[in-house]
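Here's the structure we're looking at; comments come further down.
The values are calculated or read from the model by the stated rules, or taken from the named source; none is laboratory data. Being a predicted model, the structure only gives us computed values, none of them experimental. With ideal geometry, Cβ positions are generated from the backbone for all residues, glycine too; neighbour counts draw on all protein chains shown.
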Amino acid sequence: MTVPATAPDTPAAAEPAPGGVLRPHAEEAFAAELAALAARDDRRRPPNWRLSPWAVATYLLGGTLPDGTVITPKYVGPRRVVEVAVATLATDRALLLLGVPGTAKTWVSEHLAAAVSGDSTLLVQGTAGTPEESVRYGWDYARLLARGPSRQALVPSPVMRAMAEGMTARVEELTRIPADVQDGLITLLSEKTLPIPELGQEVQAVPGFNLIATANDRDRGVNDLSSALRRRFNTVVLPLPATPEEEVDIVARRVGQIGRSLDLPSSGGLEEIRRVVTVFRELREGVSADGRTRLKSPSGTLSTAEAISVVTGGLALAAHFGDGVLRPRDLAAGLRGAVVRDQAADRAAWQEYLETVVREREGWKDLYRACREADG
Amino acid sequence: MTGPLLLGVRHHGPGSARAVRAALDAADPPAVLVEGPPEGDALLPLAAAEGMRPPVALLVHAANDPGRSAFWPFAAFSPEWVAIRWALARGVPVRFVDLPAAHLLAADEAAGAEVGGGGAHGREAARIDPLRALAHAAGHDDPERWWEDVVEHRGAAGDPLAPFAALGEAMSALREAHGDGGRPRDALREAHMRLSLRAARREFGDAVAVVCGAWHVPALARTVPVGADRALLKGLPRVRTEAGWVPWTHRRLARSSGYGAGVTSPGWYGHLFTAPDRPVERWMTRVAGLLREEGRTVSPAEVIEAVRLADALAAVRGRPLAGLGETTDAVRAVMCDGSDLPLRLVADRLVVGDVLGEVPEDAPAVPLQRDLTRLQRRLRLRPEAAGRTLELDLRRDNDAARSRLLHRLRLLGVDWGEPAAGRAGTGTFRETWSVRWRPELSVKVAEAGVWGTTVEEAASARAVASARAAASLHQVAGLVEQCLLGGLADALPVVVSALADRAALDSDVGRLADALPALARSLRYGDVRATDTAALARAATGLAERVCVGLPPACTGLGAEAAAAMRARIDAVHTAVGLLPGEGGTTGRWWTVLRGLAARDTVPGEIRGRAFRLLLDGGHLAEGEAARAMALALSRAAPPAEAAGWIEGFAGGASGGGLLLLHDERLLALVDGWLASVPPDAFTAVLPLLRRTFAAYEAGVRRSLGELVGRGPAAVGRTPGALPPDGFGASTDADRADAVLPVLHLLLGTDRTAAGPAGAGHHEHAEATG
């Protein structure tokens, strides 16, 4: 699941595209803004870019053009992140967006591709089963058998098409792709050429080609990037929401959506959501909200996405087994489960947190008792 | 040209420094005037001395109170420093022209305000920031960045004097709009600068050069009647001052507090000033070098990419050249995999940097030395080369002050006094020192001058810095103790919070437990020395809580040696917890922890036995529970080694276990019964442990135990009261017991009349628990 965490409510979600798809591509949903930017943009554009780097940054960060056109912010977060990402693409280095679930990696990657190349559809969705064909090329076997190897029989991958046309290719979940397939990207990125030995030909990248990859940096057990591949990328880490309010807002909104689809009663609970977010943020940052007590950080990610699932889990408990109101005892087990991943170290961190922070906090006695009970 | 050459600069701006050097070379003025306190004039020639290495600071302090002082720091890239060195190298006269520090310090005394060096270079928040105003006019948010773009990063091309003229005009426009910008004292300073400038022009001609903050340029260019300036400065209060050079560090230059002109990136500025060309490329190479030293692989290709990214970022942000922000972002994205951790190292070592200034040997004594001399005189504690022993009674004010002085000096690395072993049992209000003054200590004092102007201030600063840099929890706990001993109330909160931070992150219960006793001790010292220890008590309680949480898991699966070490720790923590103040919540938790330890099978016998013993001594066991638990621990199913460990933990060593066995014969019977049931081969294995346990008893106890056991299992195993041991009556002799009571009341200070029933109660209680 990818939550456009730090992205605001999108107009796209409000107005369905004419064709009636669930979610139109960024370049369609924001066509008007892109056109307005392109019209006003008088700065130097790198070859095959639709906009100048400055205009791309403005498209993502929002602003008002001299003629009064309002560009909605696509990414609400540190300016620096977007500026580094755009500058990376401008130096034709590949861009790796890292972050825990719920930090809008995919969202940023899609909008970058839409703004730079006007096309965000050259996409490889990485899975453990992604074959080499999806980053290089495959064959139309019927044609291959009938006519022998030819360019007509070749099925280009999104990456190959991006090279040939000078576009931005996107690779989602790079770390889920098997290591040997990842390796295929190494020479492609450094030599900017893709040989096709079967035909004695090659595809050379034209200016404007670039690649944006996204990956989750806290998940263990996936195919870690080799250092050789890592060196081909400039890395930008997308931070978690900066303020508690932002995060509470995101969690509340998502919980509301999920709750509706699961037909759960949405009975207030904002205060409990605030507490869950506070617990997550404090443990994640390793310091209490008042900045006075340092805490051990547990090994789990404690991402915004997990906070959402703790709250929805609690809601389900409250609806089906409780009195329909979200109470600390509905959250306690979920909280403990999200925090304690490693039985020894995390358990100590969790207990310390309960004893030194939760117990002392005004009005948190009920949560403390519930968590102590859940801890057994 | 006519009129003086006014060179407006930003303090500590490398671009300004470079521009000043170019302008001086071009104009070749007959004299150079620099913004700074005239008290430093006599010290100016030292700036060119052999051993002088910036960063250094000119220090002026009130003669009678070194604590009241002002600093004018100079780095190699400070325009003022460049101007001074330029003048000294050519034999051109150079002078400071600012308002004398004598007035500044006197004014601060009158206002009762904290004195910082800000008087000279300050830009307080409430004032108009001229650079901010200019930057906003140019459409930039960040004044520092704007200034860097237009001045500091500008190449050295064209007329070296032109930029100063342009800057002067801009500042004139600003001053017209903002007047004195909310700095009333500037009027005095500028009047003094104008008068000095006038005198210099009479002496050296019109072409003298002035290096001052850009803000002051319009005021110096203005013509004001001499009389008006004189009138303004007439009758200003002043104090007697002394001045000197002190070594400075880049880190202190970067300190934003106290010094208005603090720069956040002295290392970067130093680099910009010294790099002959291609500053970004050279910087990236240095960063790569540092990261490689720290064990990261950084390829030359990455250095190239980082430079390209920094340039592209500058373009996206619309800056003429990549600045520190761009280079940092580029380093993070290319060399650090987007992580901030290695970046912190770069910020610490390169952006700020470890540069330490030096001052020549023959420079006037640092104020710290003067303060020390003053204290030595006042406390009648003369530095003598012959060693002697000093007995201090901390209840006397003079002795307490002496003790604080010696402790503070130790913190500063000036080991004039060493704590010596005092007479046995002297209590907490006595201290014994062996004091000896060695010549090299003077050097140490001079070195410590960088930390502050008085012993107290320097020791505080040093303690805070050490606490932040300390590697282990143990060290910080030691610092807390030293701060308390030295009476450094200012440093204590910072050190204590550093301690709390470290304790929170340390996952080794052993280290936490080791730190706790020192803290508990500190709390008691604090009481003796009347220090406010609330924060310390909080930290200690927090530490104890963490120990309580972490101890049970840490006690499982230990080998014999580790178990012995852990037992010693538990003893130490037990004592420490007893010393902690508060409502007893922590103590309650500690008893729960001990109870848990005593009952858990995976915990080594030695620790279980110890926990049981502590519970027993604390009166936390019900009647008969000790015997039941011992029976359980020594039952046949328990491996003999475990059981022997339990006995060692329960009754071993110097903890009075022998007496316990002697007086509770049920326990002795259990031990005896167990010993008799150990199979022969296992007996050899547990013998060393048992021997260790029982050999530590006092001879008398051992003999009595032996006699008791010698009568055989029947005698040992009988119920109390059946047959007394040698030397004891058949039952309690009430009359003889009563005869002791008056003496007891006298000793305990209890009221005799009220003690009747209470005494009886105690008696019952003793029976119940014993």
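Table for the structure above
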quantity: Given (1) within 14 Å of chain B (Cβ to nearest Cβ); (2) touching a residue at least 40 places away in the same chain (Cβ under 8 Å); (3) outside any strand (DSSP E or B), number of the condition A:Val251 does not satisfy; calculated: (1)
quantity: Listing of strands (runs of 3 or more DSSP E) fully contained in the range B:1-103 that carry 1 or more residues being of a type in the set (Asp, Glu) and crowded, with 23+ Cβ neighbours inside 10 Å; calculated: none
quantity: Any chance B:Ala554 is surrounded by fewer than 23 Cβ atoms within 10 Å (Cβ to Cβ), without any contact (Cβ under 8 Å) to a residue 60 or more places away in the chain and within 10 Å of chain A (Cβ to nearest Cβ); calculated: yes
quantity: Any helices (runs of 4 or more DSSP H) falling wholly within the range B:672-733 and containing at least 1 residues that are surrounded by fewer than 12 Cβ atoms within 10 Å (Cβ to Cβ) and modelled with pLDDT of 75 or more; calculated: B:680-695, B:699-710
quantity: Hits in the range A:254-293 (condition: without any contact (Cβ under 8 Å) to a residue 40 or more places away in the chain, of a type outside the set (Gly, Ala, Ser) and within 14 Å of chain B (Cβ to nearest Cβ)); calculated: A:Glu285, A:Val287, A:Asp290, A:Arg292
quantity: Test result for A:Leu270, assigned by TED's automatic domain parsing to the domain that holds A:Tyr368 and not charged (D, E, K, R); calculated: yes
quantity: Candidate set from the range B:279-303 (those that are facing another protein chain (nearest Cβ under 8 Å) and in a loop (DSSP other than H, G, I, E, B)); member that is nearest to A:Ser52 (Cα to Cα); calculated: B:Ser299
quantity: Which numbered condition A:Pro53 fails, given (1) closer than 27 Å to A:Asp249 by Cα; (2) within 12 Å of chain B (Cβ to nearest Cβ); (3) crowded, with 21+ Cβ neighbours inside 10 Å; calculated: (1)
quantity: Per-region count, the range A:124-159, residues in contact with a Lys or Arg (Cβ under 8 Å, 6 or more places away or on another chain) and exposed (fewer than 15 other Cβ atoms within 10 Å of the Cβ); calculated: 4
quantity: Pairs with Cβ under 9 Å, 6+ apart, first in the range A:294-311 and free of Cβ contacts under 8 Å to residues at least 12 places away in the same chain and within 14 Å of chain B (Cβ to nearest Cβ), second outside any helix (DSSP H, G or I) and not small (Gly, Ala, Ser); calculated: A:Arg294/A:Val287
quantity: Search result, residues across the range B:331-365 that are β-branched (Val, Ile, Thr) and within 14 Å of chain A (Cβ to nearest Cβ); calculated: B:Val331, B:Val334
quantity: Residue within the range A:62-72 that is of a type in the set (D, E, K, R), surrounded by fewer than 22 Cβ atoms within 10 Å (Cβ to Cβ), touching a residue at least 12 places away in the same chain (Cβ under 8 Å) and in the same structural domain as A:Ser157 (by TED's automatic domain parsing) present; calculated: yes
quantity: Some residue of the range B:355-363 being buried (at least 23 other Cβ atoms within 10 Å of the Cβ) and closer than 20 Å to B:His271 by Cα; calculated: yes
quantity: Checklist (1) assigned to a helix (DSSP H, G or I); (2) more than 14 Å from chain B (Cβ to nearest Cβ) applied to A:Val357, failing item; calculated: (2)
quantity: Check on A:Gly363, more than 14 Å from chain B (Cβ to nearest Cβ), on the phi > 0 side of the Ramachandran plot, in contact (Cβ under 8 Å) with a residue 12 or more places away in the chain and surrounded by fewer than 18 Cβ atoms within 10 Å (Cβ to Cβ); calculated: no
quantity: Given (1) farther than 25 Å from B:Arg18 by Cβ; (2) away from chain A (no Cβ under 14 Å), number of the condition B:Pro276 does not satisfy; calculated: (1)
quantity: Strands (runs of 3 or more DSSP E) contained entirely in the range A:80-165, each with at least 3 residues that are within 14 Å of chain B (Cβ to nearest Cβ) and within 28 Å of A:Ile308 (Cα to Cα); calculated: A:94-98
quantity: For A:Thr214: the one exception among (1) modelled with pLDDT of 90 or more; (2) among the polar types (S, T, N, Q); (3) in a helix (DSSP H, G or I); (4) in the same structural domain as A:Met167 (by TED's automatic domain parsing); calculated: (3)
quantity: Residue in the range B:738-761 that is surrounded by fewer than 12 Cβ atoms within 10 Å (Cβ to Cβ), modelled with pLDDT of 80 or more and of a type in the set (Val, Ile, Thr) present; calculated: yes
quantity: Test: residue in the range B:496-503 that is more than 14 Å from every other protein chain (Cβ to nearest Cβ) and either farther than 21 Å from A:Arg347 by Cα or under 18 Å from the mean Cα position of the chain (by Cα) (or both); calculated: no
quantity: Among the residues listed as B:Ala306, B:Ala322, B:Ala315, the single one being in a helix (DSSP H, G or I), touching a residue at least 12 places away in the same chain (Cβ under 8 Å), within 11 Å of another protein chain (Cβ to nearest Cβ) and surrounded by 15 or more Cβ atoms within 10 Å (Cβ to Cβ); calculated: B:Ala306
